[in-house]
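Beneath this line is the structure, given in structure tokens, with notes to follow.
The values are calculated or read from the model by the stated rules, or taken from the named source; none is laboratory data. Just so we're clear, the structure is a prediction, and the values are computed from it rather than from any experiment. With ideal geometry, Cβ positions are generated from the backbone for all residues, glycine too; neighbour counts draw on all protein chains shown. These accessible areas exclude ligands, DNA and RNA; they are computed on the full protein's heavy atoms, side chains included. Shrake-Rupley method; radii C 1.70, N 1.55, O 1.52, S 1.80 Å.
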Amino acid sequence: MDDMKIKIMHLYPDLLNLYGDRGNIECLKRRLEWRDIKAETESYTCDDNNFDLSDTDILFLGGGSDREQKIVCSRLLEHRTEISEFAENGGSIIAVCGGYQLLGKYYKLEDQTIEGLGILDIYTEQGDDRLIGNIVLESDVIGGYIVGFENHGGRTYIGSHTSLGRVVYGHGNDETSGAEGVIYKNVIATYLHGPLLPKNPKLCDYILGNALKRKYGITETLRSLDDSLENKANDYIVNRFVKK
Ligand code: GLN
């Protein structure tokens, strides 16, 4: 495993980085290193102008306020073709909240519509109030519970896309459908902050497994790690809100 390396790119962390979203990058990196796989992380900010995904394996887009989303959308649109080709070719994308909305066609606010990348056939509309709080999903992707925290004004309608999970506590995509997030190829889009991955190590390994498979053709299961603390954190939320 010594000669393997996964490159993770954090896109616009200067604008999209809410509620410790950066912790997801740290989690991906550490879980690779604990298995003797090298991890390279790079941030691409608004000051950079050499956008290149050719050696990127995992792309991370965090959450942001409406104001920040308005600023970042034109930047993202400049790279629409590269990001879309990356997703279509099996590149891993993790997009949280504001980042999730921007993968869709548009995010309609009261006074303006923010154009998205259109990588997912979904759209978002701002609601009257914000959907805030702890959230728990049941997910076939990892065969268990995914826990997190949501805070969004937008309601996302995912059409015929597959959701990341079924909401068993909390609001999810649009408050009423019971669906949360989207999984499309190796793209995982979700409203869950938290940060998401440290609390859900199985999901982190699912993403790492996909990236290693795409890059090196590795299909065997990743070496298991001591996740007792992480699982305790996950169980605590599930016990508190679901299995009361
Ligand atoms: N501004 C978006 C909304 O309120 C996304 C918020 C976020 O990323 N937490 O729906």
Among the residues in the range 130-138, are any within 16 Å of the chain's Cα centre (by Cα), under 25 Å from Glu88 (Cα atoms) and within 16 Å of the ligand (Cβ to nearest atom)? no
If we keep only residues of the range 139-180 that are charged (D, E, K, R) and within 16 Å of the ligand (Cβ to nearest atom), then the residue most open to solvent (accessible area, probe 1.4 Å) is Glu175
Going through (1) within 21 Å of Arg22 (Cβ to Cβ); (2) under 12 Å from the mean Cα position of the chain (by Cα); (3) modelled with pLDDT of 95 or more one by one, Tyr184 fails only at (1)
| said: Being buried (at least 20 other Cβ atoms within 10 Å of the Cβ), away from the ligand (no atom under 16 Å from the Cβ), at pLDDT 95 or above and closer than 30 Å to Val168 by Cβ: is that true of Val96 here? | reply: no
Counting only helices (runs of 4 or more DSSP H) wholly inside the range 183-244, the ones holding at least 2 residues that are in contact (Cβ under 8 Å) with a residue 12 or more places away in the chain and basic (Lys, Arg) are 201-216
Picked from the range 75-93 (must be in a helix (DSSP H, G or I) and either of a type in the set (Lys, Arg) or within 16 Å of the ligand (Cβ to nearest atom) (or both)), the residue surrounded by the fewest Cβ atoms within 10 Å (Cβ to Cβ) is Arg80
